[in-house]
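Undergrad: Attaching a single structure in structure tokens format; questions to follow.
A short reminder: the numbers here are calculations on the coordinates, not readings from a lab. Just so it is clear, the structure is predicted and the values come from calculations on it, not from any experiment. Positions of Cβ are generated from backbone atoms using ideal geometry, with glycine treated the same way; all protein chains shown enter the neighbour counts.
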Amino acid sequence: MTFRAFAIVAIMAFGSMPFVPASGRAADSSDAAVRAVLTDAVENFFRPGYRRVQDRAAAMGNAVEALCTEAGDERLQKTRAAFAEAVSAWSRMETVRFGPILHQNAAERLYFFPDRRGIGLRQVQGVLAKKDETATAADTLAAKSVALQGLGTLEFLLFGTGAEEMAANGDSFRCRFAEAVTARVEATAATVANEWSEPGGIANRFANPDSAYADFRTQEDSLRALLGTFTNGLELIADARIVPFLGGDENKARPKAAAWWRAGLTGDALAQNLGGLSELYDEAGMQRLLPTENSNLSSEIRFEFANAQRALSGIDQPLPKLAEDEKDRSPVAYLLIVTRSLRSLFAERFAGAIGLVAGFSSLDGD
Amino acid sequence: MKTDLSRRTLLCGFSAALATIGLPMAATAEKTGNPLFATAFMEGERFGMAILDSEGELLHRIALPGRGHDVTADSTGRHLVAFARRPGTFAVAVNRQKGSEPKVFACPPTRHFYGHGLFIDDDRLLVATENDYENGIGVLGLYDATDGFRRIGEWSSHGVGPHDLVMSPDGRSLIVANGGMETHPDFGRQILNLASMEPSLAFIDVADGSLKEKHTLPPDWARLSTRHMDITQDGQVFVGCQWQGEAAACPPLLLSFALGEDRREYDLGELAPRLDGYVGSVSVNQNEGQVAITSPHGDLAIMLDAGSGRVIGLQEGVDICGVAPLSGGFLTSSGTGRFGDHELKPIAFDNHILAL
């Protein structure tokens, strides 16, 4: 008899303590159906998604290497395009905050953001000013601040003050620094992707939970992590990606508080953030978790994801600047509303439909 | 410290649990004279602070301007103060004897409360944990309880993200759990310093706010946020933590500290992962020499012998979090409206209960 079962039996037998089953998951979401969803999430989203980040990082590394070998405007543009591809791949996975991405600050190593006090920027500028050679080799860079080792640093090197130097001089310190950073991004992405691919690793524990595991003991644990990717992820998009630059009104807009404002990728990254979640929902086949009476919920969720993409696709200017204009900011304000609406759909309706509603005490962990 | 989780221990634990957690000893007592408790709650869209007895009788309610978190009392139990949950900025003080209007006061601009506080200096001062969020540092706001809770200054909390705080039994040290997490109201609940967290427990001189002793955690535990606590009569501070890292690498969530002593860690064995990386409340029963921790994420409460660290009782229940000492053990509450063994829906209880 397992310990857990023993505990429940003992308490119920005496009947003197208020006991409500911890798991109220819908009866019609059978173990097999849940396992299918978890397995599909792994095979169709987590594994290929992280591998794509690694691949795009490698391609970006090749582009930087080519630029540093023979500098020029065209190669700088190609490198910037490869950077945009890497940002896009990362943004698609960015809202996942469980598993290996939490290990050794991998998420912060890949993208140190938000950086409210400009710590990362100051460190990058410090390395450039001092021409710190230890930042030009991946192994010594690895021991430095995580804020120096990611896509945010590359954004400054490729798009920030002095970026034109990259096109003019391939042998520059800035270029060698960029090579080391791309190597670090690739290495971090590879570590995360490899952990997701490891037999008997996170993927197996997540899809086939067992009471012997410290992280995923029951399917409910896995479903909470999966659902948390939506609820926490949508909260991250709203609170840490949109609100900081949008502000309460046009006078409080702060364009430079936007992610990727230097590279002009704010809108694309947001589209990938939301697109990634939409893809996860579909590729995992999460509608299969819903009881029949809640099947319409999937249509509502897809409708809102489509609204978000439509809002973004109608914008042909950099998002951060739009926020400063009373009229132009309305699509971004609308995007915030849609993002929060999506969060409610997952946190309240979807979670409720599959019996995973977080109680008052456990909401907003404090 | 290794907790013995043999089958025999568990059997003993359950019999103990029946006499304690969730089973008020006052069950057969008359209504009058029942132990009293204060707690923050939500009912529908409204928030408040309630005083209840151990039988779940709701004796008083005080409306709060927003969601509350913890309640503290002065040494007489006459004055209660409920604090806003972070990042709230209000506190509400009540004089239980006078029946006067509750006094609402606020922390200054660029600060928010973390939801906890306590009275010091013979009840003349109220100390509250606060966030100096523009600078990303923790402070202790000092409010004059003899002058309408006017804010008269602040001390450093000697860390980032101070949350709960307790007073040492000799009245000389304020002990503050610096959770280590930097947040800023502009970024909602996002943790802004996950890669550089430095959680700690600070022993602070209550006379002048100076640091007496600071206990930090090992580098591998940098994401272990020290959060809620209670203290035994002999000065052992039990700290319940919340893990912000990879679930598979979760360190012990229950630690204890004492001035001049090394940290103790409580290995809860097979129970540990069931806490889901999250301890929401900690309570010490001085008379029984017991400590209880709750996890609303794991729907579990665990009771231990405070001296040996041995697990002596369990309670399972959805969204279980509030916990306070009661004769023979503890009383718990939940976010689903349970208080002790009484259901008070549609009321939902917040994370903490103060025994009055």
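Undergrad: Given all pairs of different Cα atoms, what value in angstroms does the Kirkwood hydrodynamic radius of the stretch B:238-314 take?
TA: Values: mean 1/r = 0.0793 Å⁻¹.
Its Kirkwood hydrodynamic radius stands at 12.6 Å.
Undergrad: Separate question: Which cross-chain or sequence-distant (5 or more) residues have an amide H under 5 Å from the amide H of B:I353, H modelled 1.01 Å from N in plane?
TA: Amide H to amide H, under 5 Å and 5 or more residues apart or across chains, B:I353 pairs with B:V323.
Undergrad: Please name which of B:P185, A:A66, B:F113 has its Cα lying farthest along the dipole of the protein assembly as shown towards the positive end, using unit charges on Cβ (Lys, Arg +1; Asp, Glu -1) and the Cα centre as origin.
TA: My answer, from the dipole projection, is A:A66.
Undergrad: Helix A:330-344 sits at what angle to the longest principal axis of chain A, using alpha carbons and giving 0 to 90 degrees rounded to 10?
TA: Roughly 30 degrees, rounded to the nearest 10.
Undergrad: Between their Cα atoms, which of A:K78/A:K256; A:K78/A:K321; A:K144/B:K214; A:K144/A:K321 are more than 28 Å away from each other? Show your work: numbers first, answer last.
TA: Values: A:K78/A:K256 25 Å; A:K78/A:K321 25 Å; A:K144/B:K214 26 Å; A:K144/A:K321 33 Å.
Too far apart for the 28 Å limit: A:K144/A:K321.
Undergrad: Right, next: Please report the spacing between the Cα centers of the stretch A:89-118 and the stretch B:194-233 in Å, no decimals.
TA: The stretch A:89-118 and the stretch B:194-233 have Cα centres spaced 26 Å from each other.
Undergrad: Still on this structure, I have one more. Please give, to one decimal in nm, the separation of the simple spin-label points placed at A:A143 and B:D234, each 7 Å out from Cα toward the Cβ.
TA: Roughly 4.5 nm, to one decimal.
Undergrad: Residue by residue, what Karplus-based ³J(HN,Hα) values in Hz, rounded to whole numbers, does the stretch B:71-88 have, using 6.51, -1.76 and 1.60 with θ = phi - 60° and x for Gly and Pro?
TA: 10, 10, 10, 7, 5, 8, x, 7, 9, 10, 10, 9, 10, 5, 6, 4, x, x
Undergrad: Residues of the stretch B:104-136 with the amide nitrogen closer than 16 Å to a label point 7 Å from the Cα of B:A63, along Cα-to-Cβ, please.
TA: Residues B:104-105 qualify, since their backbone N sits under 16 Å from the label point.
Undergrad: Which angle between 0 and 90 degrees, to the nearest 10, do you get for helix A:219-236 versus the longest principal axis of chain A when only C-alpha atoms count?
TA: Around 40 degrees separate the two axes.
Undergrad: Still on this structure, please answer the following. Over the whole of B:235-245, what's the average partner chain Cβ count within 10 Å per residue? Rounded to a whole number, please.
TA: Working: counts 0, 0, 0, 0, 0, 0, 0, 2, 1, 3, 4.
So the per-residue partner count for this stretch is 1.
Undergrad: How many times 2.2 N^0.38 Å is the alpha carbon radius of gyration of the stretch A:54-204? Don't skip to the answer; put the middle values down first.
TA: Working: Rg = 15.0 Å, N = 151, 2.2 N^0.38 = 14.8 Å.
Cα-based Rg divided by the globular estimate yields 1.02.
Undergrad: Still on this model: Given a 10 angstrom Cα cut-off, can you work out which residue in B:G115, B:G148, B:G317 is the most mobile in a GNM of chain B?
TA: Top of the fluctuation ranking is B:G148.
Undergrad: Using unit Cβ charges (K, R positive; D, E negative) and no other charged atoms, how large, in debye to the nearest 20, is the dipole of the stretch A:54-204 about its Cα centre?
TA: On the way: 16 positive and 20 negative charges, 110 e Å.
Dipole about the Cα centre, nearest 20: 520 debye.
Undergrad: Would you mind checking which residues have amide H under 5 Å from B:E213's amide H? H placed 1.01 Å from N; only 5 or more apart, or other chain.
TA: Counting only residues 5 or more places away or on other chains, the set is B:F203.
Undergrad: Determine the dipole magnitude for the protein assembly as shown: charges of +1 sit on the beta-carbon of Lys and Arg, -1 on that of Asp and Glu, nothing else is charged, the reference point is the Cα centre, and the result goes in debye to the nearest 20.
TA: Details: 68 positive and 92 negative charges, 78 e Å.
About 380 debye.
Undergrad: Would you mind checking which residues have amide H under 5 Å from B:F330's amide H? H placed 1.01 Å from N; only 5 or more apart, or other chain.
TA: B:I21, B:G22, B:L23
Undergrad: Then there is this: Please identify, among B:L192, B:L304, B:L201, the residue showing maximal mean-square fluctuation in a Gaussian network model of chain B using a 10 angstrom Cα cutoff.
TA: Maximum fluctuation in the GNM of chain B, among the listed residues, is at B:L192.
Undergrad: Under a Cβ-Cβ cut-off of 12 Å, what is the net charge of the residues other than A:A214 that fall near it, where Lys and Arg count +1 and Asp and Glu count -1? If you can, show how the numbers build up before the last one.
TA: Numbers: positive: A:R205, A:R217, B:R274; negative: A:D210, A:D215, A:D221, B:E246, B:E270, B:D276.
Neighbour charge sum, excluding A:A214 itself: -3.
Undergrad: While we're on this one: What net charge is computed for the residues neighbouring B:Y114, neighbours being all others with C-beta under 11 Å from the C-beta of B:Y114, Lys and Arg scored +1, Asp and Glu -1?
TA: Details: positive: B:R85, B:R86, B:R111, B:R227; negative: A:D366, B:D70, B:E130, B:D164.
Local charge sum for B:Y114: 0.
Undergrad: Take the Cβ-Cβ distance between A:A168 and A:A333 as r, set R0 to 41 Å, and report the resulting FRET efficiency rounded to the nearest 0.05. Could you put the intermediate results ahead of the total?
TA: Values: r = 41 Å, r/R0 = 1.00.
The value I calculate is 0.50.
Undergrad: How long are the semi-axes of the equivalent ellipsoid of the stretch B:60-178, taking √(5λ) for every eigenvalue λ of the Cα gyration tensor, in whole Å from largest down?
TA: Values: eigenvalues 91, 58, 29 Å².
So the equivalent ellipsoid measures 21, 17, 12 Å along its semi-axes.
Undergrad: Among A:L151, A:F112, A:A203, which residue has its Cα furthest toward the positive end of the charge dipole of the stretch A:54-204, with +1 on Lys/Arg Cβ and -1 on Asp/Glu Cβ?
TA: The residue sitting most towards the positive pole is A:F112.
Undergrad: Round to the nearest 0.05 the FRET efficiency obtained for A:E300 and A:E74 when R0 = 45 Å and r is the Cβ-Cβ distance. Present the calculation step by step, with values, prior to reporting the outcome.
TA: Numbers: r = 47 Å, r/R0 = 1.04.
Step by step, r from the Cβ atoms, then E = 0.45.
Undergrad: Please build a GNM for chain B, connecting alpha carbons under 10 Å apart, and tell me which residue among B:T216, B:T146, B:T332 fluctuates the most.
TA: Residue with maximal mean-square fluctuation among B:T216, B:T146, B:T332: B:T146.
Undergrad: Work out from phi, with θ = phi - 60° and the Karplus expression 6.51 cos²θ - 1.76 cosθ + 1.60, the ³J(HN,Hα) of each residue of the stretch B:137-152, listed in order in whole Hz, and give x for Gly and Pro.
TA: Going residue by residue, I get 10, x, 9, 10, x, 10, 10, 7, 6, 8, 9, x, 6, 5, 7, 10 Hz, with x marking Gly and Pro.
Undergrad: A further question follows. Measuring from centroid to centroid over Cα atoms, what is the spacing of the stretch B:310-327 and the stretch A:231-245 in Å?
TA: When both Cα centres are located, 35 Å separates them.
Undergrad: In the stretch B:95-121, whose amide N lies under 19 Å from the spot 7 Å out along Cα-to-Cβ of B:D205? List them in ranges.
TA: B:120-121
Undergrad: Then there's this: Quick one: dipole size for chain A, taken about the Cα centre, charges +1 on Lys/Arg Cβ and -1 on Asp/Glu Cβ, in debye to the nearest 20. Working shown, then result.
TA: Details: 39 positive and 47 negative charges, 102 e Å.
That gives a dipole near 500 debye.
Undergrad: Cα axis of helix A:31-41 to longest principal axis of chain A: angle in degrees, 0 to 90, nearest 10?
TA: 0 degrees
Undergrad: So for chain B, what percent of the C-alpha to C-alpha distances run longer than 35 Å? Working shown, then result.
TA: Details: 10441 of 63190 pairs.
Value for chain B (Cα pairs over 35 Å): 17 percent.
Undergrad: Tell me, what is a quarter of the convex hull surface for the C-alpha atoms of the protein assembly as shown, in nm² with one decimal? Mind dumping the intermediate values first?
TA: Working: hull surface 125.5 nm².
Reported value for the Cα convex hull: 31.4 nm².
Undergrad: In addition: Relative to a virtual label point 7 Å from the Cα of A:A214 in the Cα→beta-carbon direction, which members of the stretch B:243-263 show backbone nitrogen distances below 12 Å?
TA: Taking a point 7 Å out along Cα→Cβ of A:A214, the residues of the stretch B:243-263 whose backbone N falls under 12 Å are B:245-253.
Undergrad: Taking each residue of B:273-279 in turn, how many C-beta atoms of other protein chains fall within 10 Å of its C-beta, and what is the average?
TA: Numbers: counts 8, 8, 0, 5, 3, 2, 0.
The mean count of partner-chain Cβ atoms within 10 Å per residue comes to 4.
Undergrad: Place +1 on the Cβ of every Lys and Arg and -1 on the Cβ of every Asp and Glu in chain A, take the dipole about the Cα centre, and give the residue among A:A271, A:A240, A:Q287 whose Cα lies farthest towards its positive end.
TA: A:A240
Undergrad: Other chains' Cβ within 10 Å of B:315-325 residues: what's the mean?
TA: On the way: counts 5, 11, 8, 11, 9, 6, 5, 1, 0, 0, 0.
Per residue, the number of nearby Cβ atoms from other chains is 5 on average.
Undergrad: Further question on the same structure: Determine ³J(HN,Hα), in whole Hz, for all residues of the stretch B:284-301 in sequence, where each value follows from phi through the Karplus function 6.51 cos²θ - 1.76 cosθ + 1.60 and θ = phi - 60°; x replaces Gly and Pro.
TA: Each residue's phi maps through the Karplus curve to give 10, 9, 4, 5, 8, x, 10, 10, 10, 10, 10, 9, x, 6, x, 6, 8, 10 Hz.
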